[in-house]
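What follows is calculated from the coordinates using simple rules that are stated; it is not laboratory data. The model shown is predicted, which means the values in this text are computed figures rather than measured ones. Note: ideal-geometry Cβ built from the backbone for every residue, glycine included; neighbour counts use all protein chains shown.
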Amino acid sequence: MEWTRLTAHEAHEKLMKKSLSSLELTQSLYHWIKNVDSKVAAYLTLTEEEAYQQAQWADERIAKGEEVPELTGIPLALKDILCTKSMRTTCGSKILEYFRPPYDATVVRRLRESGAVFLGKVNMDEFAMGSSTENSGFGITRNPWDFNRIPGGSSGGSAAAVAADECIASLGSDTGGSVRQPAACCGVVGLKPTYGRVSRFGLVAFASSLDQIGPITKDVTDCAILMNVISGHDANDSTSVDIEVPDYKRALINDVKGMKLGIPKEYFVEGMDRDVERAVWEAIKLLEQWGASIKEVSLPHTEYAVATYYIICTAEASSNLARYDGVKYGHRARGYDGLIDMYAKTRAEGFGPEVKRRIMLGTYVLSAGYYDAYYRKAQQVRTLIKEDFDRAFEGYDALLTPTSPTPAFVIGEKVKDPLQMYLSDIFTIPVNLAGIPGVSIPCGFNGGGLPIGLQIIGKHFDEEKILRVAYTYEQRTDWHLKRPQLS
Amino acid sequence: MKIGVKDVEYVARLARLTLSDEERDEFAVQLNDILTYMDKLNELDTKEVEPTSHAVPVKNVFRADGVRESLPREPSLGNAPEAEKGFYKVPRIIE
């Protein structure tokens, strides 16, 4: 078996049995990256020197017979939105092309402490704004299942790297679907935790009331392993919640008997992709056969989620991105007339078109005379969307939906029509607005061999139930074992 | 039209963004489309609805006002486009 194909838990077993060293595993991954990344283009930065040091350190600890955490010696790829001390962090933007953070994000520190190996930083839509990774300032990433198609976004580099076996697992971030939708497009597992479950300290901010960091992995067990490491309260993020973190591996129960699963009827609308509809319904029927009770449920405000989201996220983004002013870090324009002109030219040169569009939209909806009509209105509708979920979860353990209305689309297809691009997140956005957790797992392929994702949504801080449903489905199907042909 | 070229210019000034003429014209069309789509929210009567700013209850967090370690000056200034004598350097703002 190729080592690059291993999951984290499989690799951990081999490391413990000493039938494989972290150094060998890391070397074979870099070797494979050099073979295939010219086609996939998932990585923005490779950090070989540091990775080999981390691998050696892991091997030394294991050789001493130390009891080591499961991620010790496991090579990971990090979305380039996570601050890594002294290691280039671009956020997919020219404005941060040479930025080297003076500190680690809390999740990065936790991974370091658990002994993980960092292979490098992976591509993304600029400032995580996009659903296709086409908005990166550093080129597009391709879907390993079909190089003419997008890998999803904004964590497209993470999902593509996991699907192409260019890393063992990865971390992404999810503001409106940016972990789950690329996971669905690339046929891997992606989980967005409850808002406040994972510290956002050192995550470059896009929309602070929606952003969460989440794992992208080859299977559900690895998802639980990463959640165990990254979850928990952090004094450096006052929105991280101080409640006990369960052992998510104990949620990996291969049984759904007696679980109540709801099917939101608003997520199965006229005109959705036939293959997606078929694959998702087949998954639902299997879960029913295995003893879950399945009933239709209504989330009546679903159709307002995209409009609500694009008011709130652009408003928050316009404020968060005000910090890129050419003073403290990042690009500064040359040839300007005074301070204000320096700001405006720096930002004009440093930001790409989608980021500018969202800053413009966010500035508009917050501007005098429009605040109540747009921003306050959206916050009120956000309440209604959240209440839809609160009501649904009174009677259900989890909800099942497609992750995305279509499989991966063709590169360039939606670039000129931002509204169409925004609508590709229609099934993932409501989950962020409500702050609840959601996981996407592979549940089939369309006629063209493109992966399809099943989304499982849970209530606040109930990642365990959605992991249990995901694990049961995964253990009894083999979609997650399929791999794209790359060489 | 919800937003015209003049509005786009005004918003760009607020956002500190220099736009080319092409960008300005393109944004006028695209923002108009997006804002028209957002009018959908007016179908809902929200007079009695409380706004949500965070989906999970967030409260103010205090810590003791004690001295603790902070980022040293060197790495803090390390990413600045221009720094001098331990300060960030910006264009002259006082005549």
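For residue A:122, what residues show an amide H to amide H distance below 5 Å, using hydrogens built from the backbone and excluding near sequence neighbours? Close amide H contacts, sequence-distant or interchain: A:44, A:78, A:79, A:80.
Peptide A:406-414 is shielded by partner chain Cβ atoms: per residue, an average of 0 of them sit within 10 Å of its Cβ.
When Rg and Dmax are taken over the Cα atoms of chain B, they come to 22.6, 58 Å. In whole Å, what is the distance between the alpha-carbon centres of the range A:269-300 and the range A:50-90? Cα centres, the range A:269-300 to the range A:50-90: 40 Å.
Would you mind computing, in nm to one decimal, how far apart the modelled labels at residue A:100 and residue A:85 are, each placed 7 Å from Cα along Cα→Cβ? That separation, rounded to one decimal, is 1.4 nm.
Which net charge results for the neighbourhood of residue A:130, defined as the other residues with beta-carbon distances under 12 angstrom from its beta-carbon, given Lys and Arg at +1 and Asp and Glu at -1?
Numbers: positive: A:357, A:358, A:414; negative: A:125, A:126, A:134, A:354, A:425.
Combined, the nearby Lys, Arg, Asp and Glu give -2.
Put simply, the amide H of residue A:172, placed in the peptide plane, has neighbours under 5 Å in A:214, A:216, leaving out anything fewer than 5 places away on its chain. The alpha carbon gyration tensor of the range A:113-259 gives principal lengths a ≥ b ≥ c with a/c of 1.5 or higher and a/b no greater than b/c, which makes the shape oblate. In sequence order, what are the phi-derived ³J(HN,Hα) couplings for the range A:430-438 according to the Karplus relation 6.51 cos²θ - 1.76 cosθ + 1.60 with θ = phi - 60°, rounded to whole Hz, with x for glycine and proline? 3J(HN,Hα) across the range A:430-438, in whole Hz: x, 5, 5, 4, 7, x, 9, x, x.
Within the range A:29-109, count lysine pairs with alpha carbon atoms under 21 angstrom apart where the residues are 8 or more positions apart or belong to different chains. Working shown, then result.
On the way: A:34/A:79; A:39/A:79; A:79/A:94; A:85/A:94.
Summing the qualifying lysine pairs gives 4.
For the segment B:15-24, counting C-beta atoms of other chains within 10 Å of every residue's C-beta and taking the mean gives 6. Note on the range A:3-255: Rg/Rh from Cα positions, Kirkwood definition for Rh, rounded to two decimals, is 0.94. Rg/Rh for the range A:380-487 (Cα atoms only, Rh after Kirkwood) is 1.02. Per-residue shielding of A:354-361, expressed as the average number of other chain Cβ atoms within 10 Å of the residue Cβ, stands at 6. As a size descriptor, the averaged projected area of the C-alpha convex hull of the protein assembly as shown was calculated at 27.6 nm².
Which residue, B:65, B:25, B:39, has the most motion in a Gaussian network model of chain B that connects Cα atoms within less than 10 Å? Maximum fluctuation in the GNM of chain B, among the listed residues, is at B:65.
Quick check on the range A:1-153: take the gyration tensor over C-alpha atoms, sort the square-rooted eigenvalues as a ≥ b ≥ c, and tell me if it's rounded (a/c under 1.5), prolate or oblate. If you can, show how the numbers build up before the last one.
Details: a/c = 2.41, a/b = 1.50, b/c = 1.61.
Judged from the Cα gyration tensor, the range A:1-153 comes out oblate (a/c at least 1.5, b/c at or above a/b).
Of all lysines in the structure, the ones whose alpha carbon falls short of 16 Å from that of residue A:249, not counting any fewer than 8 places away in one chain, are A:218, A:465.
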